[in-house]
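The values are calculated or read from the model by the stated rules, or taken from the named source; none is laboratory data. On a predicted model such as this, the values are computed, not experimentally measured, just so you know. Neighbour counts run over all protein chains shown; Cβ positions are idealised from the backbone, glycine included.
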Amino acid sequence: METFLIRALELIFSLSILVLIHEFGHFIFSRIFKVRVERFYMFFNPLFSIFRVKRIHGKLRFSWFSRKAPEAFAAEPDKTEFGLGWVPLGGYCAISGMIDESMNTEQMAQPEQPWEFRTKPAWQRLLIMVAGVLFNFILALFIYSAVLNVWGDEYLPIENVEMGFDFSPAGHEIGFVDGDRFVSADGVKLERFNDVALRQIADASVVTVIRDNQEQTVKIPDDLMQRIMAGKQGFAGYRFPTVIKDVQKGSVCDQAGLFPGDSLTAINGKTLASFSDFSETLVKNKNRKIQLTYYRNGIAKTTDVTLGEDGKLGFYIKPINEIYSMQKVEFSLLASIPAGIDKGIGKLTGYASDMKYAFTKEGAKSLGGFGAIGSLFPPEWDWRNFWETTAFLSIILAFMNILPIPALDGGHIMFLFYEIIARRKPSDKFMEYAQMVGMFLLFALLIYANGNDLYRLIFK
């Protein structure tokens with residue numbers, strides 16, 4: 001429950017930042033071009049708002065927990081009403097004279113006014129619509145640069161992973177063997193194992209690995225990524241020894257007299273070099289008495305233990321960054337800016353490349369909603385991971401919003417380009433219908449994605 005609450009709080013906090021910056025982009029460009037912004041809200045406010053504030057005759061007027069704003073709020077309609085809603089799933093910037101999700105057809109039926117969005121030149125309207133996406137992308141670059149400046153870039157070089165990698169069934173099917181260590185993909189050296197390396201492997205024809213101290217090649221099928229998604233077990237993970245970091249009090253491990261630093265190497269005389277092999281063998285022997293072989297201060301010892309129903313000993317594994325030698329690159333303030341820009345552009349191009357899998361059968365099954373997004377955050381609050389995840393979500397928000405779908409910024413941009421090329425506007429009635437179709441598609445996608453989350457939660 002604690003993990004759920006932490007991730008929920010991280011998700012809400014992150015989305016609040018992203019929505020605030022996105023809508024502020026629309027707001028600031030609207031004001032630059034003298035377009036009236038009627039309401040600027042963090043979170044949605046159906047039925048009532050937590051609070052509203054507006055400057056009237058030079059003074060700020062507040063309204064708390066109101067279903068509608070006081071009559072005084074209408075005294076100066078050219079001033080923006082700011083507020084906080086109670087549904088923490090986004091926010092909005094209501095721009096005067098624009099067909100958006102509010103579907104304010106009554107306003108659109110009135111004579112055009114000089115302060116309205118619809119009366120401005122197409123290039124100004126285009127900049128107003130692009131601003132939200134642009135601000136999200138700039139935010140991501142800023143966060144990546146700040147993270148590199150504060151924490152640097154720490155990673156595990158593949159060549160330092162002495163035991164190689166464990167592979168999922170999808171990896172085994174195409175010829176990888178547990179213990180293989182990646183060298184290159186189509187001749188391009190693989191320095192670290194991350195999302196970029198996985199794309200390089202999936203797009204390659206041949207991957208070179210070190211196996212039994214010799215170089216071997218593995219042919220990569222065109223559908224590797226689909227196989228990975230279908231298997232739902234990932235592709236590969238670091239292979240590392242079973243070394244105890246800490247012992248849970250009262251556990252089987254504690255009762256057996258095992259200590260932090262002990263290296264567990266065998267069960268019932270069978271050598272198990274990696275933690276994955278060791279934990280898998282434990283589960284197979286649940287409710288049984290087994291003999292453990294372990295090393296303490298370089299001396300081999302054995303002890304007999306009886307496993308419980310869960311097949312666990314009750315210890316915390318020594319983390320991989322304390323087993324293998326990590327590499328860290330420090331960045332000055334000036335150096336962090338281009339490095340952050342490169343990282344942000346790389347994340348954007350990688351995410352755009354991955355979108356092709358969304359139109360496959362397995363890709364559609366892998367789509368997720370708020371549950372999947374929340375799972376991107378660590379189960380314990382960690383500021384570095386929080387900011388990196390927020391930056392990545394800002395990239396996603398920017399990319400998704402620029403898609404040419406009615407009801408998204410990209411839909412408005414598409415129609416503005418049509419207007420610039422054809423030199424005539426789509427009719428208001430057409431824009432209303434397009435907005436309704438877009439909203440229907442978005443709600444259908446939202447229901448499907450969150451339905452996938454629910455299905456995985458129940459049947460996983």
Inset, instruction - Tell me which of these residue 429 doesn't satisfy, since it passes every other one: (1) in contact with a Phe, Trp or Tyr (Cβ under 8 Å, 6 or more places away or on another chain); (2) in the same structural domain as residue 26 (by TED's automatic domain parsing); (3) among the basic types (Lys, Arg). - result: (1)
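When you scan region 1-78 for strands (runs of 3 or more DSSP E) that lie fully inside it, which ones turn up with 1 or more residues that are under 16 Å from residue 94 (Cα atoms)? Can you show your working first?
On the way: elements: 37-44, 49-56, 59-66.
Counting at least 1 such residues, we get 37-44, 49-56.
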Inset, instruction - May I ask you to list the residues in region 306-338 that are buried (at least 18 other Cβ atoms within 10 Å of the Cβ), within 30 Å of residue 134 (Cβ to Cβ) and not polar (S, T, N, Q)? - result: 331, 337
Inset, instruction - Identify all residues within region 228-272 that are part of a strand (DSSP E or B), in contact (Cβ under 8 Å) with a residue 40 or more places away in the chain and of a type in the set (Val, Ile, Thr); write none if there are none. - result: 242, 243, 244, 247
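With respect to residue 407, is the statement that it is touching a residue at least 60 places away in the same chain (Cβ under 8 Å), under 21 Å from residue 131 (Cβ atoms), under 24 Å from the mean Cα position of the chain (by Cα) and not in a helix (DSSP H, G or I) true?
Working: touching a residue at least 60 places away in the same chain (Cβ under 8 Å): yes; under 21 Å from residue 131 (Cβ atoms): yes; under 24 Å from the mean Cα position of the chain (by Cα): yes; not in a helix (DSSP H, G or I): yes.
So residue 407 fits the description; yes.
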Legend entry - Test: residue in region 358-367 that is outside any helix (DSSP H, G or I), out of contact with any helix residue (DSSP H, G or I) (no Cβ under 9 Å at 6 or more places or on another chain) and more than 26 Å from residue 134 (Cβ to Cβ): no
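Among residues belonging to region 209-227 that are in a strand (DSSP E or B) and out of contact with any Asp or Glu (no Cβ under 6 Å at 6 or more places or on another chain), point out the one that is farthest from residue 296 (Cα to Cα).
Step one: of region 209-227, the residues in a strand (DSSP E or B) are 209-211, 214-219.
Going one step further and asking which of them are out of contact with any Asp or Glu (no Cβ under 6 Å at 6 or more places or on another chain), we end up with 210, 214-219.
Details: 210: 30, 214: 32, 215: 34, 216: 35, 217: 38, 218: 38, 219: 42 Å.
Filtering region 209-227 for residues that are in a strand (DSSP E or B) and out of contact with any Asp or Glu (no Cβ under 6 Å at 6 or more places or on another chain), the one farthest from residue 296 (Cα to Cα) comes out as 219.
Does residue 119 qualify as being without any contact (Cβ under 8 Å) to a residue 60 or more places away in the chain and within 30 Å of residue 420 (Cα to Cα)? Let's see the steps before the verdict.
On the way: without any contact (Cβ under 8 Å) to a residue 60 or more places away in the chain: yes; within 30 Å of residue 420 (Cα to Cα): yes.
Yes; evaluated as a whole, the condition is true for this residue.
Would you point out the residue of region 339-362, among those that are of a type in the set (D, E, K, R) and surrounded by 15 or more Cβ atoms within 10 Å (Cβ to Cβ), that is farthest from the chain's Cα centre (by Cα)?
Going residue by residue through region 339-362, those that are of a type in the set (D, E, K, R) are 342-343, 347, 354, 356, 361-362.
Those left that are additionally surrounded by 15 or more Cβ atoms within 10 Å (Cβ to Cβ): 343, 347, 354, 362.
Numbers: 343: 15, 347: 11, 354: 13, 362: 19 Å.
Among those that are of a type in the set (D, E, K, R) and surrounded by 15 or more Cβ atoms within 10 Å (Cβ to Cβ), it is 362.
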Legend entry - Check on residue 407, touching a Leu at 6+ places or on another chain (Cβ under 7 Å) and surrounded by 14 or more Cβ atoms within 10 Å (Cβ to Cβ): yes
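To keep it simple, each residue is scored yes or no on (1) touching a helix residue (DSSP H, G or I) at 6+ places or on another chain (Cβ under 7 Å); (2) outside any helix (DSSP H, G or I); (3) surrounded by 12 or more Cβ atoms within 10 Å (Cβ to Cβ).
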position: 414; (1), (2), (3): no, no, yes
position: 418; (1), (2), (3): no, no, yes
position: 425; (1), (2), (3): yes, yes, yes
position: 429; (1), (2), (3): no, no, no
position: 442; (1), (2), (3): no, no, yes
position: 447; (1), (2), (3): no, no, no
position: 451; (1), (2), (3): no, no, yes
position: 456; (1), (2), (3): no, no, yes
